[in-house]
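What follows is a short report on a single structure.
Coordinate-derived values only; no laboratory data. Only a predicted model underlies this, so the values are computations on that prediction, with no experimental measurement involved. Cβ sites come from the backbone with ideal geometry, for glycine too, and all protein chains shown count toward neighbours.
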Amino acid sequence: MSTLTRVFTVLLVVFSIAFTAMAVSVVARTTNWRETALKYEEHARVADTNLRHMIAASAADLAAAHDNIRSLQAQITDIETEMQARRSETGELRARVTEIAAEKASADAMNRGLVSQLQAAETARAEYQKQRNDLEKRNVDLESRNIDLNDRVNELTATVAVLNEQKRHFEQQINILKTANDRLSQATGRDGGAAPMEDPTGSGLRGVRALTPIARAPIRGRVVQVADDVVTISVGSADGVRKDMAFVIHRDGQYVGDLIIKTVDPDRSAGRLMRSRSTPASGDQVTDAHGLGGSRG
């Protein structure tokens, strides 16, 4: 029930009481006024009681309405405070949006610069790729030529090895023939058909004997094995090597040591290292001492 309705009800009751009093006054004049007065007095008390109840209820409703108004006012205050906080947050967000927009503009400018650099780098990369392709083509050509040259070198190396082997066989055959010729000359007591030469065993002095055997021609070979101070070389009796013959070991033109032959086979021989400046190794060159001296002199 609203407040206006309650006020209207109270006024209606007041008017009813007044009307009742007037009616009682009129009826008392015309009829049995005492009975009527008591009846209307009872109605008046009931109406007054109802009015009091209605006033009390209206007061309670009014107090509740005031409380509700105060609660709503408190809520309005809270809402206004929250709205003020939201306005502050909105201002901060707008400032942040402005800052982000500035950062975005800066990032866009940087992005455009990076795009330009990327395009320049892409152009440089394309040029580099072109140069690389050209170099790869040249490298392929060079590798092809290198393979051809290596094949040619291998062929020439094989040819040189064959020629060296043939030369060695020819030298062995010559030494064998010379040895057979010397034996025939000694057996027949005649000169072997060669021109008179200086006696190699005495270095031009008759009756003088050399300390070590001397080959008729320079003997050259290589070291094939080294075991402590025993050195095996790639030339033997077929090449003119004899026991106690002296050889010089050298490597790339540098002196390594002296070797005295103790064991002789047809195609190789072995001796003892007498003195050395460094340790002999497989592959070092060897030359008989007399042949090395003749080549130097």
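The figures follow:
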item: Top-ranked residue of the stretch 244-260 - restricted to ones that are charged (D, E, K, R) and surrounded by fewer than 17 Cβ atoms within 10 Å (Cβ to Cβ), ranked as nearest to Arg272 (Cα to Cα); result: Asp244
item: Some residue of the stretch 65-80 being assigned to a helix (DSSP H, G or I), within 28 Å of Leu4 (Cα to Cα), in contact (Cβ under 8 Å) with a residue 12 or more places away in the chain and among the polar types (S, T, N, Q); result: no
item: Some residue of the stretch 99-108 being of a type in the set (Gly, Ala, Ser), part of a helix (DSSP H, G or I) and closer than 30 Å to Ser16 by Cβ; result: no
item: Filtered residue count, the stretch 33-83, keeping only those that are small (Gly, Ala, Ser) and surrounded by fewer than 12 Cβ atoms within 10 Å (Cβ to Cβ); result: 7
item: Residues (part of a strand (DSSP E or B), hydrophobic (A, V, I, L, M, F, W, C) and either within 15 Å of Ile219 (Cα to Cα) or within 57 Å of the chain's Cα centre (by Cα) (or both)) located in the stretch 244-274; result: Ala246, Phe247, Val248, Ile249, Val256, Leu259, Ile260, Ile261, Val264, Ala270, Leu273
